[in-house]
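The values are calculated or read from the model by the stated rules, or taken from the named source; none is laboratory data. Everything quoted here is computed from the prediction, not taken from an experiment. Here the Cβ positions follow ideal geometry from the backbone for every residue, glycine too, while neighbour counts run over all protein chains shown.
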Amino acid sequence: MEHLLLMNWVTSSTFLFMKHPLAMGGMLLIQTIISTLFTGMLFTNFWFSYILFLIMIGGMLIMFMYMTSVASNEKFQIPNLPTMILITFISAMGLMLVFFPDKTMSSLPLTNMSTEALNFKATFMKPITKFFNLPNFLFSIALMVYMLLTLIAVVKITDKKMGPLRQK
């Protein structure tokens, strides 16, 4: 899990140096994948992370269509060398902190992390199971029907002949 957090931190720091919208979208996609893997490991199943990933991919497709219609001929430039050196240095320092902790960090009291992780998962799963039990599952079904109707309405609104999307 520490590796996923470190990778998420590195992609967040490299996102700050990106200037092209497609490069930003790629970094956002990588960060979404890392975040969904992390949330999937927190829960016993991956349904929440799967839904999160699908929502982010849908939003990224809309952003991609918008950016290709607005800035279609913009050149993609690789960030300059000092920026890449800085990113590599920050990543290496983060990896050193994870793999070679300082002696001051080793003096901290250690606890049994596996039992804490199990208690953490059990605490997180209680509200989720309550959400899908008898009195509340009607709300879930109503939400699913509403999302389906919204999807159908959006598909009908964005018809090729009458839609608001710009055509060239």
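Here are a few things to note about the model shown:
- Failed item in (1) surrounded by 13 or more Cβ atoms within 10 Å (Cβ to Cβ); (2) closer than 30 Å to V154 by Cα, with L61 passing the rest: (1)
Residue by residue, here is whether (1) under 22 Å from M63 (Cβ atoms); (2) of a type outside the set (S, T, Y); (3) in contact with a strand residue (DSSP E or B) (Cβ under 6 Å, 6 or more places away or on another chain); (4) at pLDDT below 80 holds:
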{"residue": "M1", "(1), (2), (3), (4)": "no, yes, no, yes"}
{"residue": "M7", "(1), (2), (3), (4)": "no, yes, no, yes"}
{"residue": "V10", "(1), (2), (3), (4)": "no, yes, no, yes"}
{"residue": "P21", "(1), (2), (3), (4)": "yes, yes, no, yes"}
{"residue": "G26", "(1), (2), (3), (4)": "yes, yes, no, no"}
{"residue": "L29", "(1), (2), (3), (4)": "yes, yes, no, no"}
{"residue": "G40", "(1), (2), (3), (4)": "no, yes, no, no"}
{"residue": "F43", "(1), (2), (3), (4)": "no, yes, no, yes"}
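- The condition of being at pLDDT below 75, under 22 Å from the mean Cα position of the chain (by Cα) and surrounded by 13 or more Cβ atoms within 10 Å (Cβ to Cβ) holds for I90.
- Flag if L134 is in a loop (DSSP other than H, G, I, E, B) and either at pLDDT 60 or above or basic (K, R) (or both): yes
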